[in-house]
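Structure first, commentary second.
The values are calculated or read from the model by the stated rules, or taken from the named source; none is laboratory data. All of these numbers come straight from a predicted model, not from anything done at the bench. FYI the Cβ positions are ideal-geometry reconstructions off the backbone, even for glycines, and counts take in every protein chain you see. Quick note on the areas: whole protein, heavy atoms, side chains included, nothing else; ligands and nucleic acids left out. Shrake-Rupley method; radii C 1.70, N 1.55, O 1.52, S 1.80 Å.
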Amino acid sequence: VQLQACGGGSVQAGGSLTLSCAASGRTFSTHVLGWFRHAPGKEREFVAGIRWSGNTIKYTDSVKGRFTISRDSAKNTVYLQMNSLKPEDTAVYYCAAANTLSINWYQRNEYDYWGQGTQVTVSS
């Protein structure tokens, strides 16, 4: 499975960005898509996740109400709509996919495939 993330950029606080992650290859083997972010000096952290079926969505508390994850199964693509961005959202964002049905969403070692990162910079 290959993951291609794009959509990062630089915005001012309060602005919006939409990230997308296109999956290719043996995508039928995966059940979960997630977004993580890695800010300088911090651990890589879970941001949001969704099952390909769409019946389960998870967010980390700091983005609830501001970020929305969605998927287009026909396009094998997952999106992360980010609104009301804050400087603390600045990070490299990664999409990841997991084969497991029963997953600890927040544990990055449970994800089997990773895309390259895309930089999101929010200025105050």
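Overview of values
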| read-out | value |
| --- | --- |
| Dipole of the range 5-124, positive direction: furthest Cα of 77, 16, 111, with charges on the beta-carbon | 77 |
| With DNA, RNA and ligands ignored, accessible area of residue 42 (1.4 Å probe; Å², nearest 10) | 130 |
| Hypothetical label at residue 44: residues of the range 95-115 whose amide nitrogen lies under 14 Å (7 Å Cα-Cβ projection) | 95-98, 106-115 |
| Lysines whose Cα lies under 23 Å from that of residue 86, excluding same-chain neighbours fewer than 8 positions away | 42, 58, 64 |
| Amide hydrogen neighbours beyond the local backbone of residue 15, cut-off 5 Å, H modeled | 85 |
| Per residue, in Å², the accessible surface of the chain once ligands and nucleic acids are set aside, probe 1.4 Å | 50 |
| Free-standing Cys residues across the chain, given no other cysteine C-beta under 4.7 angstrom | 6 |
| Neighbour cut-off at most 12 other Cβ (10 Å), DSSP loop, GluC sites (Glu not before Pro), the range 33-124 | 43 |
| Sorted peptide list for 75-83, 1-9, criterion being average Cβ within 10 angstrom, highest first | 75-83, 1-9 |
| Within the accessible area of the range 1-76 (1.4 Å probe), percent carbon and sulfur | 47 |
| Cβ-placed point charges (K, R +1; D, E -1), dipole of the range 15-124 about Cα centre in debye, nearest 20 | 140 |
